[in-house]
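First comes the structure, then the notes that go with it.
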Amino acid sequence: MMRQVIYALLLGVIAEFYFFGWGVFWQILLGVSTAILVESAFLKIRKLPIKPVITDGSGALTAMLLAISIPSIAPWWIVVLGVAFALIFGKQLYGGLGHNPFNPAMLGYAFLLISYPLQMTTWAAEFLNFAQSFEAIFGINLPDALTGATKLDSLKTQLALGKSATELSINSISQAWINLGFLLGGLYLLARKIILWHIPIAFLSGVLTISSLLFLIDNSLYLPPQNHLLLGGTMLGAFFIATDPVSAATTPKGRLIYGFFIGILVVIIRVFGGYPDGVAFAVLLMNIAVPLIDYYTQPKVFGQ
Amino acid sequence: MPNSALAQEFQGGIVIANNSSGSMKIVQAPLPDSVILPLQQRIGDEAVALVAVGDEVLTGQLIAETTDYFCTPIHATISGIISAIDKQIIPHKSGLKSNCISIKSDGKDEWISLNQQHKNFLQSPPEKLIDAIQAAGIVGLGGGGFPTHAKLKNLTNCQTIIINGTECEPGIMCDDALMQNHPLEVISGVEILLHICAASRAIIAIEDDKPAAFSALQKCNKNQQISIVKIPTKYTSGAEKLLIKSLLNIEIPSGSFASDEGIICQNVATVKAISDAIIEGKPLVSRVVTVTGSGVAIPQNYEVRLGAKFADIIAASKPNNLPHNLRMGGLMMGLDVENIGLPIGKISNCIFVNNAEKKPAEQPCIRCGQCNLVCPVGLLPQQLFWWSKHKNTEKAMDYNLPDCIECRCCDFVCPSHIPLAQHFVAAKELNYQQTQQQYKTAIAKKRFEFRQFRLERNAAERAEMMAKKRAELQKKMANDKSQKAKIAKALERVKTKKDENNSNI
């Protein structure tokens with residue numbers, strides 16, 4: 001099951017690769033290796049069997065989600081630290097798979113973003129080849145011309161400078177393609193019934209609702225809703241991150257509420273918050289609410 | 001016939017591919033050499049044997065009686081000699097041994113003379129028919145084993161009788177075969193029930209993957225009160241409350257019974273047994289059993305005497321030589337059993353002989369929610385599992401633990417291969433124990449508090465009494481002051497007298 005999710009991620013990964021280059025490959029390789037090492041070591045300390053945990057693919061999936069969320073040219077220790085934090089503090093310390101209240105990948109992401117904001121918001125401005133990206137990741141500094149700020153971050157700055165939102169939206173073509181890649185992968189998961197429709201649909205409706213509302217209020221200040229759908233981590237979040245079954249709500253009604261509010265929070269954090277993207281914080285915030293949502297959205301039991 | 005429309009579907013449940021391709025004949029199993037008849041029934045007290053070792057018995061003869069309302073009398077299922085009355089392992093959930101009567105066959109199968117006084121059942125009063133059903137030892141043959149007479153007695157205002165011919169568990173085909181081979185008996189059994197319950201209608205429900213059984217019954221049914229309905233093939237369609245919901249759109253409230261709504265449910269095999277008992281006067285001495293599974297060459301139905309060994313009919317189905325897992329009852333709700341020497345009982349509708357396979361390893365629950373999609377009663381098994389596993393019965397009760405019907409749909413779909421239903425059964429048992437314990441504790445507390453109260457009351461009473469006594473005594477003493485004075489005076493008198501005497505000397 002986890003393996004299917006990893007396959008479904010590939011389309012989006014290929015899009016990222018197309019725009020940012022080999023860095024994506026390095027990040028994933030580093031992340032997944034770290035995941036295997038960290039989990040093996042932890043299980044050894046806990047004196048638990050290692051093989052079933054490594055082969056269930058959940059650690060690798062966490063690592064991969066984190067690796068593709070961070071900038072492709074972030075230094076190597078970023079992804080290593082992030083994955084280690086995600087798996088130790090986000091998963092194993094709670095008792096391993098199935099016991100963690102928070103989405104481990106997003107916990108790792110939030111940790112990195114708060115601790116290393118500079119490295120976490122510097123993206124490659126163009127395709128970097130195998131060697132270039134290797135140099136960038138393993139410590140040889142790049143000339144500034146090759147890097148740029150996160151798309152959403154720069155959009156925000158430029159909006160503040162007075163450029164109209166529609167004028168800017170054309171720039172985000174790479175973001176749109178990546179998002180489309182993840183959307184297709186997500187549709188594959190839906191078709192294979194590996195995820196259920198409730199969370200992604202509710203998530204996207206949440207994004208659409210709040211961003212349309214903002215756009216109607218002032219279309220010179222806020223981005224049009226279609227941009228919110230195709231920018232940043234929207235599709236990755238809707239289909240791959242919010243749908244993590246362990247930390248998501250589990251009742252049908254609860255899943256709708258959970259997804260919808262993540263969507264709303266994503267836009268609110270993007271627009272009004274200090275960080276470029278809001279998926280990680282939105283997911284973590286709603287993770288906290290899961291026990292409550294589940295308790296109050298129990299389906300009707302036969303005969304009651 | 002009035003009603004042959006497809007009934008509506010219920011929520012949840014699972015469709016399991018039924019790849020059994022057995023014949024629908026009912027093979028007469030050869031007369032067993034010996035039978036083992038347990039005195040312990042589904043629940044309740046052990047029956048009391050009326051025979052002793054060495055006695056000769058005839059087929060159908062009453063050999064054990066019981067006063068327990070939820071048990072039935074036991075009959076000899078072959079003619080022969082009582083060879084032993086001792087403890088044996090029986091196929092029961094508890095795995096405990098029970099006292100059993102063993103009969104060694106004389107090979108003649110001589111029957112008792114059959115009492116056919118109720119042959120024209122419409123002339124017999126319902127109470128007499130219920131007594132006859134009880135005397136024939138009839139219990140629910142669908143697998144539940146609930147005594148039929150207990151369902152029929154004290155029934156008020158019964159409107160509808162539902163005859164369960166769904167046979168929704170994959171693999172079992174004994175009811176299908178029974179309906180195809182004995183449609184007349186089934187219909188007459190339903191007519192007897194209609195007379196007993198004074199109900200206005202009876203509905204025979206059959207899953208739509210059994211067209212032959214449907215048309216066989218349809219052909220025999222001349223009664224306007226009886227309708228035969230196809231329902232969609234889906235597992236747990238035969239669960240009583242769900243069946244009522246799909247047929248009548250009545251939802252029996254949690255905690256109450258179908259009879260509260262004027263409905264009773266009976267299995268088709270039970271109905272046929274009722275017909276045999278009333279029309280022919282035959283007690284229940286045999287049943288149809290399916291032998292199936294990956295370990296046998298020919299899945300087959302056998303009419304077999306109760307108390308015959310599993311081995312007797314397994315052998316006839318040509319099992320392969322590989323190691324087998326045995327299971328009695330359905331694939332989903334049945335009971336794993338250890339050996340083929342166990343006796344066939346009234347609830348043994350099916351014996352699975354499966355090639356032993358390694359079960360996939362259990363993995364942690366990732367709350368994927370597949371289980372709540374298939375739960376036919378709308379529970380959240382993943383939440384129940386969480387609380388059951390951690391023995392938090394209070395929380396499990398919040399998530400409606402008692403409503404679980406233990407159908408194991410959740411187990412079937414769980415991608416982590418967790419035996420969920422097993423956890424729920426354990427949690428129910430734990431909850432029962434805890435409530436018992438709480439009840440006992442409450443009583444003990446009451447008793448202790450009363451003792452405390454009694455001791456205090458006694459002490460208080462005693463103190464009061466003592467105080468009273470003391471007061472009385474003091475009063476007395478006070479009264480005695482005059483006397484004291486008298487004494488003192490007398491003493492003085494004596495003294496002066498003495499003094500006088502002394503001075504006189």
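The values are calculated or read from the model by the stated rules, or taken from the named source; none is laboratory data. All of these numbers come straight from a predicted model, not from anything done at the bench. With ideal geometry, Cβ positions are generated from the backbone for all residues, glycine too; neighbour counts draw on all protein chains shown.
Some observations on this one:
- Qualifying strands (runs of 3 or more DSSP E) (wholly inside region B:138-234; at least 2 residues being in contact (Cβ under 8 Å) with a residue 40 or more places away in the chain and within 25 Å of the chain's Cα centre (by Cα)): B:160-165, B:201-207
- Hey, B:ILE250 within 14 Å of another protein chain (Cβ to nearest Cβ), part of a loop (DSSP other than H, G, I, E, B) and aliphatic (A, V, I, L, M) or not: yes
- Annotation note: of A:LEU37, A:LEU81, A:LEU87, the sole residue that is of a type in the set (A, V, I, L, M), within 25 Å of A:GLY139 (Cβ to Cβ), out of contact with any helix residue (DSSP H, G or I) (no Cβ under 8 Å at 6 or more places or on another chain) and modelled with pLDDT of 90 or more is A:LEU37.
- Qualifying residue in region B:81-97 (condition: among the acidic types (Asp, Glu) and free of Cβ contacts under 8 Å to residues at least 24 places away in the same chain): yes
- Residue in region A:82-95 that is touching an Asp or Glu at 6+ places or on another chain (Cβ under 6 Å) and within 14 Å of another protein chain (Cβ to nearest Cβ) present: no
Every residue, every condition in (1) of a type in the set (S, T, N, Q); (2) closer than 21 Å to B:CYS371 by Cβ, yes or no:
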{"position": "A:THR251", "(1), (2)": "yes, yes"}
{"position": "A:PHE261", "(1), (2)": "no, no"}
{"position": "A:VAL266", "(1), (2)": "no, no"}
{"position": "A:GLY274", "(1), (2)": "no, no"}
{"position": "A:ASP277", "(1), (2)": "no, no"}
{"position": "A:VAL283", "(1), (2)": "no, no"}
{"position": "A:VAL290", "(1), (2)": "no, yes"}
{"position": "A:ASP294", "(1), (2)": "no, yes"}
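- Sole exception among (1) surrounded by fewer than 24 Cβ atoms within 10 Å (Cβ to Cβ); (2) touching a residue at least 24 places away in the same chain (Cβ under 8 Å); (3) more than 14 Å from chain A (Cβ to nearest Cβ) for B:GLU429, by number: (2)
- Candidates in region A:250-274 are the residues that are small (Gly, Ala, Ser) and farther than 30 Å from B:ILE252 by Cβ; of these, the one that is farthest from the other protein chains (Cβ to nearest Cβ) is A:GLY274.
- Some residue of region B:283-306 being in a helix (DSSP H, G or I) and either under 25 Å from the mean Cα position of the chain (by Cα) or not assigned by TED's automatic domain parsing to the domain that holds B:LEU184 (or both): no
- Flag for B:LEU62 being on the phi < 0 side of the Ramachandran plot, modelled with pLDDT of 90 or more and touching a Ser or Thr at 6+ places or on another chain (Cβ under 8 Å): no
- Search result, residues across region A:119-147 that are at pLDDT below 60 and either within 30 Å of A:SER220 (Cβ to Cβ) or under 21 Å from the mean Cα position of the chain (by Cα) (or both): A:THR147
- If you check B:ILE263, B:ILE244 for being at pLDDT 90 or above, within 14 Å of another protein chain (Cβ to nearest Cβ), crowded, with 18+ Cβ neighbours inside 10 Å and closer than 30 Å to B:GLN117 by Cα, only one passes: B:ILE263.
- A single entry from A:ASP277, A:ASP244 fulfils the requirement of being within 14 Å of another protein chain (Cβ to nearest Cβ) and either surrounded by 18 or more Cβ atoms within 10 Å (Cβ to Cβ) or farther than 22 Å from A:LEU65 by Cα (or both): A:ASP244.
- Of the residues contained in region B:373-394, one or more are found to be within 8 Å of chain A (Cβ to nearest Cβ), outside any helix (DSSP H, G or I), buried (at least 20 other Cβ atoms within 10 Å of the Cβ) and in contact (Cβ under 8 Å) with a residue 40 or more places away in the chain.
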